[in-house]
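Engineer: Sharing a structure with you now.
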Amino acid sequence: MRYHLCSVCGFCFAPEIQAWSREQFADSIYNDDYRFVDPEYVRDRPLGNARTLNDAFGGSKQHLRHLDYGGGSGLLSATLRELGWNSASYDPFVDVSTNARDLGTYDLVTAFEVFEHVPDIQVLLEELDALCRPDGLILFSTLLSDGQIAFGRKLTWWYASPRNGHISLFSTNSLTRWLSGKGLQVASMNANVHVACRTLPQWAEHLVGRA
């Protein structure tokens, strides 16, 4: 499987897989064996992310409408609801009969380990932007490739993993370009966790202050 690297922004992608149909993704990647290549996907990651969100924003939960985009089984949202959150889950590969744009808008939209799986970044950003209120926040995770990928060097970075569905790899530059193209500002907490918004909501100021 070959990846292509943009010489301008450093965006790295696998065009062959990005051209697949939904059925091809379901057959070759998001099948019953996926839990073996990413065992944390089933339970550990959603539970850990739910704890992180509650620690960060639990004090404001009574004022927040939350959507977990790409939420798989919905465990993250179910855990937050048990903690008193108004939380819902949506996954394009699970909720195939649901149109994301019919879900309304949310104060907080999360997308954990989603960006690197998406074949069409424009569609993803359009949906996230439509789901997030103008004064809301998008919080997402994807590991940045800075220092890991370069022209003339064999791609050995562990995160470039077609079997895991990692087909869109972002540098800091490419992530900023993609999001600014939608009028969104982006800030990174670390190499893996990022936030995007038009105007930073007051209830999230403490989080961005850690960056």
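The values are calculated or read from the model by the stated rules, or taken from the named source; none is laboratory data. Since the structure is predicted, the reported quantities are computational estimates derived from the model, not experimental observations. Every residue, glycine among them, receives a Cβ derived from its backbone with ideal geometry; neighbour counts consider all protein chains shown. Just the protein is used for accessible areas: all its heavy atoms, side chains included, with ligands, DNA and RNA removed. Shrake-Rupley method; radii C 1.70, N 1.55, O 1.52, S 1.80 Å.
Engineer: When you go through (1) touching a strand residue (DSSP E or B) at 6+ places or on another chain (Cβ under 6 Å); (2) open to solvent by less than 40 Å² (accessible area, probe 1.4 Å); (3) closer than 22 Å to Gly181 by Cβ one by one for Asp107, which number turns out not to apply?
Structural biologist: (3)
Engineer: Also, quick follow-up: Looking at Asp55 and the list (1) within 16 Å of Leu139 (Cα to Cα); (2) part of a helix (DSSP H, G or I); (3) acidic (Asp, Glu); (4) within 16 Å of the chain's Cα centre (by Cα), which single condition is not satisfied?
Structural biologist: Here Asp55 clears every test but (4).
Engineer: Also, quick follow-up: Any idea which residue in segment 141-162 is nearest to Gly70 (Cα to Cα), counting only those that are crowded, with 17+ Cβ neighbours inside 10 Å and small (Gly, Ala, Ser)?
Structural biologist: Result: Ser141.
Engineer: Let me ask you something else. Which pairs have Cβ atoms under 6 Å, sit 6 or more apart or on different chains, and link a residue in segment 8-33 that is in contact (Cβ under 8 Å) with a residue 40 or more places away in the chain to one that is open to solvent by 50 Å² or more (accessible area, probe 1.4 Å) and of a type in the set (Lys, Arg)?
Structural biologist: Cys9/Arg177
Engineer: What are the residues in segment 147-173 that are aliphatic (A, V, I, L, M) and assigned to a loop (DSSP other than H, G, I, E, B), if any?
Structural biologist: Of everything in segment 147-173, those that are aliphatic (A, V, I, L, M) and assigned to a loop (DSSP other than H, G, I, E, B) turn out to be Ile149, Ala150, Leu155, Ala160, Ile167.
Engineer: Of the residues Gly165, Gly183, Gly136, only one is surrounded by fewer than 21 Cβ atoms within 10 Å (Cβ to Cβ) and in contact with an Asp or Glu (Cβ under 9 Å, 6 or more places away or on another chain); which?
Structural biologist: Gly183
Engineer: Moving on to the next point. Would you mind stating whether Val195 is of a type in the set (Val, Ile, Thr), more than 30 Å from Asp33 (Cα to Cα), without any contact (Cβ under 8 Å) to a residue 12 or more places away in the chain and surrounded by 17 or more Cβ atoms within 10 Å (Cβ to Cβ)?
Structural biologist: Answer is no for this residue.
Engineer: Quick check: is even one residue across segment 93-110 on the phi > 0 side of the Ramachandran plot, of a type outside the set (D, E, K, R) and at pLDDT below 95?
Structural biologist: No.
Engineer: Among all residue pairs at least 6 apart or on different chains, which show Cβ distances below 6 Å where the first residue, located in segment 56-83, is farther than 23 Å from Met189 by Cα and the second is among the charged types (D, E, K, R)?
Structural biologist: Gly72/Asp91
Engineer: Here are some conditions: (1) modelled with pLDDT under 95; (2) farther than 21 Å from Ser168 by Cα; (3) not in a loop (DSSP other than H, G, I, E, B). Gly48 meets all but one. Which one does it not meet?
Structural biologist: (1)
Engineer: Within segment 92-103, how many residues turn out to be open to solvent by less than 50 Å² (accessible area, probe 1.4 Å), farther than 18 Å from Ala196 by Cβ and in contact (Cβ under 8 Å) with a residue 24 or more places away in the chain?
Structural biologist: Total meeting the criteria: 1.
Engineer: Out of Arg81, Arg22, Arg2, I need the residue that is open to solvent by 60 Å² or more (accessible area, probe 1.4 Å) and in contact with a Ser or Thr (Cβ under 6 Å, 6 or more places away or on another chain). Which one?
Structural biologist: Checking each option against the conditions leaves just Arg81.
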